[in-house]
Every structure is written in C-alpha cells, then in structure tokens.
Amino acid sequence: MRNTRLLLTIGFGGLLLLMAYAGIDAVRVLRSIQRRTDEIRGEFLIRNRVLNQIRSDLYLSGTYMRDYLLEPEAGKADAHKQSLDTNRSEMEAALAAYARRLSPNEAETYGVLTHELQDYWRVLEPALRWDAAERQTRSYAFLRDEVLPRRLAMVGIADQIAGLNERQLNEDNLQVESLFSQFRVRLSGTVIATLGLGLLLAALSMSRILRLERESEETRKELKDLSARLVQVQENERRAISRELHDEVGQSLSALLVGLSNLSAAVPPSAADEMQVHIAGIRDLAQNCVRVVRNIALLLRPSMLDDLGLVPALEWQAREVSRNYDIRVNVAADGVSDQLPEEHKTCIYRIVQEALHNCVRHSGASVVRITLKQGSGGVSVLIQDDGHGFRPELERGLGLLGIEERVTHLGGTFRVDSHLGRGTLLAITLPYEYDKNPAS
C-alpha cells in the first residue's frame, strides 16, 4: 500500500507538472510568436510607407519641375523651385529612414536607387538656373528626354525594393511558420508524454482498484459465509439447549411434581393440614418452573417447528402474541409445502418472530397479518401491520439488518414499505425449486 501510494503520488505529481510545463511553455511560445508577428507586420508597414513616400516624392518632383519649367513668371517659378527643394529634402529624409531599416538583400538595389537619385538631382540642377527664355525653349525636350525617363526608372527601382520588401515579409512569415511547426512538434511530444503517463497511471489505478474490489468482494463473501455459519451454529445451539431444557430439566420438574403428589398422599392424617400447605407451595413453585422452562424452550426453538412443520409453528407463535399482548395476529398460508428445506423454515420462522417482536415493541399496531404463499419460483412472506410506521431509510435497526442478512444468504429479496401513520409492510421472497431442494 505504501509503495503504491508513493508511486501514484509521484505519477500524478509528475503528470500535473508536465501539464503545467506544457501550458506555460505554450503560452510563452505563443507570446513569442505573436510578438515576432507584430514586429514583422510593423516593420513591413513602416518600410512600405517609406517606399510609398519616396514614390510620391518622385512624382511630385517631376510635377514641380514641369511647373517650374513651364511657368513664365519669375515669382511663380521661384515658388515651384522652392517646393522642389522641400520635396528633395523630404525624399532624402525618407531615404535615410529606409536606410536604417535596410535588409541585407536590399542593399544593392537600394544603392542603385540612391545613385540614380543623385544623378537625377544632378541633371535637374542646371535647369534650375535657366532664365525664362531658356525654360520656354528647352523645357519640353528636357522633360521628355531627362526628367520623365529618369523618374520612371527610379520608380521602377523603388518597385523592385518594394518587391524585395514583400519577399522579406514572406521570409519572415516562413520563420513564423517554422516557429509554429517547432511549437506543434514540441506540444505534440508533450501531449503524447502526458497521455502516455496518464494512461499508465490510469492502468495502475484501475488495476489497484480492481484488486481492492476483488479483495473487498472476497472479504464480503467471507463475512457473509461467517454470518451464515454463525446463524447456523446459533440455531443448532438453540435447538440443543431447547432439547436439553425440554428433555432434562422439564422431565426432572415433571418427576418432582409426581413425587410431590406421592408425598402428599403419604402424609399422615395427623399432620395433613400443615404438611399439605407446604407441599402445595412447593407444587406451585415447581409448576411455575415447568411453565418458565417450557416457554424458554419454545422461544429458543419450538419443538413443533421440527415435529409439526412451519405453518403450525407460526400459528402457535401468533396465538402466543395475541394471548400475551393486545394485538390480533392472523396467519394465512396458501399451499405451503411441509417439504421446505430446513434453512427456509428456520429463516421464515425467525423473520416472523423478529417482525412480531418489533410490532409489539415499536409499531403500536392492533392487527398484524402474516401471509405465506408458495409458487413455482419460491416462497413469499408478507407481514403487514396497521401501526404508526417509520422511515426505513433513516430508522433501520439491527432486527431488520438481521432479517435482510438471512434473506440475502438464501438468495432471496427483502423489501420494507413503511410510511408514518400508515403501517409497515415487509415483503420477503425466498427462491426454492423442488428438483434442486428435495425433502430430506
């Protein structure tokens, strides 16, 4: 028991620790994956926003340059030039911001974009010094041959960087998927280990429980057999004591009465009055002893149960209870055979005896009806009174437990139906088959 308890304690403790570890590790890994996913998504959004800003600035630079070249008024042209300078500053700031987040696979393409932007601004610088006449004569060709192609080329490079950015996002997503895969493998291993340990503990527990049930069943069976043997020994002892009281003590007292009668006849007439008084007192005492011994012998084991059978013994018992107590007891026996096994007769007699005893002491009944019926499947006994009743689920005493033990030993059924103020019904059925239990 100590080793089993220690093993179960260690096993269930390990199982709980394994489950706790699996839960904590799962939470930690999921938080790590969530954090990594948020970082990847945030980084992608920032880089994509910077690239969009660079594209937007490229388009705006071309628009500002076109407006500058096509503007005939000097004041408005200077305003367009100033907007172009602001646009250039914003683009360079965006490039610097993107450079801080640059991944290794984007370095080459980013270098090409930076170089092209430098060439782009270098190409634009001479045009920014043109006067109105030069802008009017050279603007169209400059825009067509220099600005637009270079801007389109740089937008294409920016698109390449965006594609690299998306590929980087896909690679990061693959890393997240790899983390998920590793987590699934680890979690599957933990779940398998937990299930294996749980099944092992369940098997060990079930084995131990089944063994304890078998031991308990064997002990219960031994106790029932012991109880049945004790009842049998008690009945045999009662039969022996009853026979001894009837044969030895009863006969001795009867002989004493005969001797007293002979003594009374032999007393001289001169001393007759005084001696007859003493003899009569002794005779009364002897007769009272005979009645007491006979009653004790009948209570222990009525000889008529062995000599006359079950029904006469029950009827005698009913008459004795009706004569000594203010209770009317009726016995109705329908085709009960005299060839019942000895165990069945003794069981039914003791059940009726205990039930009548309970009626006298506890029920307050005025009428008790005892019904015996014998059918093909066995013998049924119904004992019903009109007393004040009780609650069987709360007030079952040793008498009822003894009745149930006797009935269970013979494989019968026992039922108590009682309600407060409505009397009590005891229903007992004892299986009995003629072929299997022939009369001895």
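Computed from the coordinates by the stated procedures, all read-outs in this text should not be read as laboratory data. These numbers come from a predicted model, not from an experiment. Ideal geometry is used to build each Cβ from the backbone, glycine not excepted, and the neighbour counts take in all protein chains shown.
General remarks:
- For the range 2-204, the Rg and Dmax computed from alpha carbons only, in angstrom: 30.4, 109
- Charge dipole of the chain (Cα centre as origin; +1 on each Lys and Arg Cβ, -1 on each Asp and Glu Cβ, all else neutral): 360 debye, rounded to the nearest 20.
- Length gained on full extension, Asn48 to Ala141: 30.1 nm, using 0.36 nm per residue less the C-alpha separation.
- Selection from Pro341, Ala365, Ser376, by position along the positive dipole direction of the range 309-431 (Cβ): Ala365
- Given +1 at the Cβ of Lys and Arg, -1 at the Cβ of Asp and Glu and no other charges, the dipole of the range 1-102 around its Cα centre is 1040 debye to the nearest 20.
- Cross-link partners of Lys373 among lysines (Cα-Cα below 29 Å; sequence separation of 8 or more within a chain): Lys224, Lys345, Lys436
- Of Gln175, Gln339, Gln82, the one that fluctuates the most in a GNM where the chain has Cα springs shorter than 10 Å: Gln82
- Distance distribution P(r), the chain, all Cα-Cα pairs, bin width 10 angstrom from 0: 4, 12, 12, 9, 7, 7, 6, 5, 5, 5, 6, 6, 6, 4, 3, 2, 1, 1, 0, 0 percent.
- Taking the range 2-204 and dividing mean pair separation by its residue count, relative contact order in percent (alpha carbons under 8 Å, at least six apart): 37 percent
- Label-to-label distance, nm, for residues given as Asp417 and Ala202 (7 Å Cα→Cβ offset): 4.4 nm
- Test item: Cα-centred dipole of the range 2-204, Lys/Arg +1 and Asp/Glu -1 on Cβ, debye: 1320 debye
- What the phi angles of the range 400-410 give under the Karplus curve with 6.51, -1.76 and 1.60, with θ = phi - 60°, is a coupling list of 5, 5, x, 4, 4, 5, 4, 5, 4, 4, 8 Hz, glycine and proline written as x.
- For Arg328, the residues whose amide H sits under 5 Å from its own are Val367, Val368, ignoring neighbours fewer than 5 places away on the same chain, with H placed 1.01 Å from N.
- Sequence-distant contacts, meaning Cα pairs under 8 Å at least 6 residues apart, place the relative contact order of the chain at 11 percent.
- Coupling constants for the range 138-155 follow from the phi torsions by the Karplus curve (6.51 cos²θ - 1.76 cosθ + 1.60, θ = phi - 60°), and in residue order they are 10, 5, 4, 5, 5, 5, 5, 8, 10, 6, 4, x, 5, 5, 4, 5, 5, 4 Hz; glycine and proline get x.
- Between amide H atoms placed 1.01 Å from N, distances below 5 Å from Ser103 occur with no residue 5 or more places distant or on a separate chain.
- HN-Hα J in Hz across the range 413-428 - Karplus 6.51, -1.76, 1.60, θ = phi - 60°, x for Gly and Pro: 10, 9, 9, 10, 10, 8, 9, 4, x, 10, x, 9, 10, 9, 10, 10
- Here the Debye sum runs over all C-alpha atoms of the range 309-431 as equal scatterers in vacuum, and log10 of I(q)/I(0) at q = 0.17, 0.19, 0.20 Å⁻¹ comes out as -0.82, -1.03, -1.14.
- Ranked by the mean number of other Cβ atoms within 10 Å per residue, highest first, peptides 311-318, 89-96, 160-167 order as 311-318, 160-167, 89-96.
- Dipole of the chain, positive direction: furthest Cα of Asn105, Met65, Thr219, with charges on the beta-carbon: Met65
- Residue (of Gly412, Leu305, Ile54) at the positive-pole extreme of the chain, dipole from beta-carbon charges: Ile54
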